[in-house]
1. Any idea which of B:SER332, B:SER347, B:SER294, B:SER274 is within 30 Å of B:LEU256 (Cβ to Cβ) and either under 24 Å from the mean Cα position of the chain (by Cα) or modelled with pLDDT of 95 or more (or both)?
2. Return the total of residues in the stretch B:41-52 being open to solvent by less than 20 Å² (accessible area, probe 1.4 Å) and more than 13 Å from the chain's Cα centre (by Cα).
3. If you take the residues of the stretch B:254-275 that are open to solvent by 10 Å² or more (accessible area, probe 1.4 Å) and of a type in the set (Gly, Ala, Ser), which of them is nearest to the other protein chains (Cβ to nearest Cβ)?
4. Taking B:GLY304 as the residue in question, decide whether it is over 24 Å from B:PRO392 (Cα atoms), at pLDDT 95 or above, within 14 Å of chain A (Cβ to nearest Cβ) and within 26 Å of the chain's Cα centre (by Cα).
5. Which of the residues spanning the stretch A:87-98 are more than 14 Å from chain B (Cβ to nearest Cβ) and either closer than 30 Å to B:LEU116 by Cα or open to solvent by 70 Å² or more (accessible area, probe 1.4 Å) (or both)?
6. Could you grab me the full set of residues in the stretch A:99-133 that are more than 21 Å from A:GLY204 (Cα to Cα) and open to solvent by 60 Å² or more (accessible area, probe 1.4 Å)?
7. Out of everything in the stretch B:60-79 that is crowded, with 18+ Cβ neighbours inside 10 Å and under 24 Å from B:SER403 (Cβ atoms), what residue ends up being farthest from the other protein chains (Cβ to nearest Cβ)?
8. Would you confirm whether or not the stretch A:182-193 contains a residue that is free of Cβ contacts under 8 Å to residues at least 60 places away in the same chain, more than 23 Å from A:MET240 (Cα to Cα) and surrounded by fewer than 17 Cβ atoms within 10 Å (Cβ to Cβ)?
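The values are calculated or read from the model by the stated rules, or taken from the named source; none is laboratory data. Everything numeric here is computed off the predicted structure, so don't read it as measured data. Heads up, the Cβs are rebuilt from the backbone with ideal geometry, glycines too, and the neighbour counts pull from every protein chain shown. The protein model used for the area step is the full one, side chains on, heavy atoms only, and it has no ligands, DNA or RNA in it. Shrake-Rupley method; radii C 1.70, N 1.55, O 1.52, S 1.80 Å.
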Amino acid sequence: MSTSVKTSSPATGKQKRAAQPYSERAKGERRLGWLLAGPAFVVMLAVTAYPIVQAAYDSLFNYRLTAPSEREFIGLGNYGVILTDFVWWRDLGVTLLITVVTVVVELILGFALALVMHKALKSVRGLLRTAILVPYGIITVVSAFAWFYAFDINSGYINNWFNWVPGIDPDLNWFAGTWSSLFVIMASEIWKTTPFISLLLLAGLAQVPDELTEAAEVDGATWWERMSRVILPNMKAAIMVAVLFRALDAFRIFDNVFIMTNGAFGTEVLSLLAYRTSISRLEIGMGSAVSVLLFICVLLICFIAIKLFKVDLAGARGSK
Amino acid sequence: MPQHERFDSRNRKKPRALTGVTLALGAMLLSGCSEAENVPTLTWYINPDDGGQAAIAERCTADSGGAYRIETSLLPNDAASQREQLARRLAAGDSSLDIMSLDPPFIPELAEPGFLAPVPEDVAQRTTENVVEGALAGAQWKDELVTVPFWANTQLLWYRKSVAEAAGLDMSQPVTWQQIMDAAASQDKFLGVQGQRGESMTVWVNALIESGGGQIIQNPEAPAAEVELGLASEAGTKAAEIVSTIGDEGLGGPGLATQDENFSMILFQGDNGSFMVNWPFVWPATNSAVEAGSLDEELIEDIGWTTYPRVDENEPAAPPLGGINLGVGAASQHPDLAYQAIECIVSPENQAEYFITNGNPPSNTAAYEDPRIEEAFPMADTIRESLELSAPRPQTPYYNEVSIGLQQNWAPPGSVVPATTPEQTAEFILAVLRGESLL
């Protein structure tokens, strides 16, 4: 910020002299900033950067935890095996499917909820927000078990409701097929996270100036025109934050899949593959390579979303 | 004497006496503390049970005369998670792993890299006397005892007497899978088997292949690249035919694909129950449910038991073998004391008590002589006979890969194709073992 101020207006000699002590102070503040951020930086380095670097290093070895003496450098061999294996691409497909479906449905439902809350009377808005946030407050493992038992063939109460739906097999075992399992997994994910998205979008809605929508209404714009030309463009920043947050979260989905199917019947996702390779098989080399590839995928999502985010932010500013 | 003086003199002695008592108590406590501190503490990592292992730990601590104290530490619920935790700790050289309750199939994987402290010869001699063959095999690696057998489990064939009678089956004679499948189908009832993708699927497939005269791994001690599988064989095909028929014809019930031991039991206890292969825990569990009033009392009268079904009527059954062995971590600071404690833990008296209180059968045949066992488990003789017949799962350091490979290809049972599944499973497992494929 300060840089742009200085460059935008050429400083006179007097101003330069006046800026000197300010610059010294800025340097001091910067030093203090580093000093204060230092411990957090060291912790980040130890708990985030170190494991990533170590995983990248381990991924170059054929290394099994229960056979440490057989550790052997194989370069990119593990990556070759993973990227030519059907399992990796199948799991990537399942992960992307879950990510896309859940993010889209959550955005639609979340936006509908946000509109309801936005229109709700002030006196009940707080209560609505609290009530809506309850699923998000539940630990994912607990909600995953709740959904699992709700659809369980032996005792699931929701499963019993489906007995009355024509065209659905009364003995349908939801967790014995790919699509039915994925349906429950995604429903649980959507149920849990939609409230949070709705709150993010509600904050975005609050940013839309009322005068603009009122002016559009006076000009005779329909509901859809007001929504598509006034409200949504002004909410782009909030929408993109929601998309980025949820896409990253959904891409790393683990708990719901682990508890409901443990990856059976073609429902395995990448994080489960990394877990099973590293933790269950104790194949540290191969598991590290899976983790590194998963990390690269997450980076890619971040990169794409941030690129979009920047463009949209500029667009949003421009439209104002 | 003034009042206050009398009061003073009377109470002046009290502080002195109190001081004396306090000092004496303090000295006693201090000496007690130091004594307790000097007693080595052995940590016993136990699998979840009904408190039986903790009770044995207390008894052995008391019996040791202050030589050691055993503290128990609980492992996760399922065997696979227990293996993961123990393997990680052992690889990291955790010295707290003094005694470990180990599932037999995972023992070679821990023994091969030298994670287990060697069993002293005299301990090996004393603790293997009267131990059933299957449990002894599961405690060894490369013909050497690397753990001590504690309790041994086996699956029986449980049946509803009414269904067997209606189907005209003579249950006093050994029965085959075909016979019980036909009987269940003729009576429009469900068979209780474990069809979920989990360790129970490996248990089932192994029992079927062994009973059909084959073996999942032909050279279990071979290194990964040289492992030879016996899946693509006549025994493998026969096993696949049984699994696929039960899945295809709906004999296992609609929940078969996610059915574990507990759900098999619930299915068996219901109106559609007929025959079930399962561990002995079903007996105390059913009795408890009857006592609690959630099941009819007549059910107990209707339940019969016999040894595991045969694949071929002319070949003996090979019932699944489970149980727990005790191992000592190589990094333990007290291996001698740990083995001393293990000798106490696996004594026939403790095994008998553990069976009666927790329902886990002894591996030592001498323990079956306890008269209380027959009373609590009228099927104790069948269990013992089954243990003698039982076949352990493959003892290999790569058991995890083999087991998960089987689970991935044989579950759900309805997807098994006898002509192709055994061979495809073998190819898949071998590719994983050669490091050419992900699991």
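1. Sole residue among the options that is within 30 Å of B:LEU256 (Cβ to Cβ) and either under 24 Å from the mean Cα position of the chain (by Cα) or modelled with pLDDT of 95 or more (or both): B:SER274.
2. 4
3. Among residues in the stretch B:254-275 that are open to solvent by 10 Å² or more (accessible area, probe 1.4 Å) and of a type in the set (Gly, Ala, Ser), the one nearest to the other protein chains (Cβ to nearest Cβ) is B:ALA257.
4. It is false that B:GLY304 is over 24 Å from B:PRO392 (Cα atoms), at pLDDT 95 or above, within 14 Å of chain A (Cβ to nearest Cβ) and within 26 Å of the chain's Cα centre (by Cα).
5. Within the stretch A:87-98, A:LEU96 is the sole residue that qualifies.
6. Residue satisfying the conditions is A:VAL100 alone.
7. For the stretch B:60-79, the residue satisfying everything is B:LEU75.
8. Yes, there is a match, as at least one residue in the stretch A:182-193 is free of Cβ contacts under 8 Å to residues at least 60 places away in the same chain, more than 23 Å from A:MET240 (Cα to Cα) and surrounded by fewer than 17 Cβ atoms within 10 Å (Cβ to Cβ).
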